[in-house]
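Input: a single structure, listed below in structure tokens.
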Amino acid sequence: MEISSSSSIIMRVKDFGESDLIITFFTPLEGKIKGIAKGARRSRKRFVNCLDIFSHVKLEYSLKKKDGLYFIHSGKLIDAYPGLRKDYATLIKASYMIELTEMLFPWHLPDSSMFDTLMNSFEILDKGGNTHIVTVFFELAAMALGGYSINLEKCSICGRPYKGVGTAVFRPDTGGIACMRCQGVTKATPGLSPDTVNLIKKIQAGLTKECFDTCTSKDFLGEIRPVLKLHREYRLENRPRTAGYLE
């Protein structure tokens, strides 16, 4: 039996039987995995404080042959991110990140960049820094990594390159922008300023810890939130249950 060891983020925890737990976790090299931790609810050695939702842990596990579940043999806590549970608003933000990751990444689809994006976002939330922009930055990066980047290079109607001057208009049906000659700004096609377009480009290129130190204009959140909502709902054709608590 080959045993794997990996840094992991706990996504879901469910009681199973009298003492077992079913754990969904995300790893850099194997993606989203589901495993069973036998006797975890009464073990004091193999799983000390490391199977709580949102926790960053190191797990040892192996694949069961029959039902596709993994055996989780042991775990070691790296960071519990206690700040994610300090209040309801922060808990909902962390839950939203987990749910969006689940929607974008099917089982066993590895993506180390997505793992880093989730971990970095949790660290910022845990420390209480720039919490008003964490979910917005996370969603932009996650959608891009999941294959749904917003196309910001040219007008999706006439093909004219966008040179960073004037308002760009977002079109949900194309997943990109249009120029003002081809599309007016409406509630269904909101506008984006050049500064907002540049920040979206930066985040879609890779969400690092340094991105969270970016100074955002006062209009950024007002511009990007309706665009993200339209983009996510059009592309995913589904609304995360936790989204309603954030909007």
Original post:
Rounded to the nearest 0.05, what FRET efficiency is calculated for ASP79 and GLU99 with R0 set to 22 Å and r the Cβ-Cβ distance?
Top reply: 0.60
Original post:
On a 0 to 90 degree scale, rounded to 10, what angle separates helix 194-204 from the longest Cα axis of the chain?
Top reply: 30
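Can you give the percent of C-alpha pairs in segment 165-208 whose distance is more than 13 Å?
The share of Cα pairs beyond 13 Å in segment 165-208 comes to 55 percent.
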Original post:
Among HIS231, HIS73, HIS108, which comes first, second and so on when ranked by fewest other beta-carbon atoms within 10 Å?
Top reply: HIS108, HIS73, HIS231
Subject >> ³J(HN,Hα) computed for each position of segment 33-38 - Karplus, 6.51 cos²θ - 1.76 cosθ + 1.60, integer Hz, glycine/proline x >> reply: 10, 10, x, 10, 9, 5
Original post:
How much FRET efficiency would the formula 1/(1 + (r/R0)^6) give for ASN151 and LYS127, where r is the Cβ-Cβ distance and R0 is 41 Å, rounded to 0.05?
Top reply: 0.75
Original post:
Among the aspartates and glutamates, which have Cα under 12 Å from the Cα of LYS93 when same-chain residues fewer than 8 positions away are ignored?
Top reply: ASP126, GLU139, GLU247
Original post:
Roughly how many whole Å is it from the C-alpha centroid of segment 46-75 to that of segment 179-224?
Top reply: 39
Original post:
Given charges of +1 on the Cβ of Lys and Arg and -1 on the Cβ of Asp and Glu, with all other atoms neutral, how large is the dipole of the chain about its Cα centre, in debye to the nearest 20?
Top reply: 280
Subject >> Structure-based [θ]222 nm, the chain - -39500 (n - 2.57) summed over DSSP H runs of at least 4, per residue, nearest 500 >> reply: -10500 deg cm²/dmol
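Here, each number is a calculation from the coordinates, and none is a lab measurement. Fair warning: this is a prediction, and the values are worked out from it, not measured in the lab. Because the Cβ atoms are built from the backbone with ideal geometry, glycine has one as well, and the counts that use them run over all protein chains shown.
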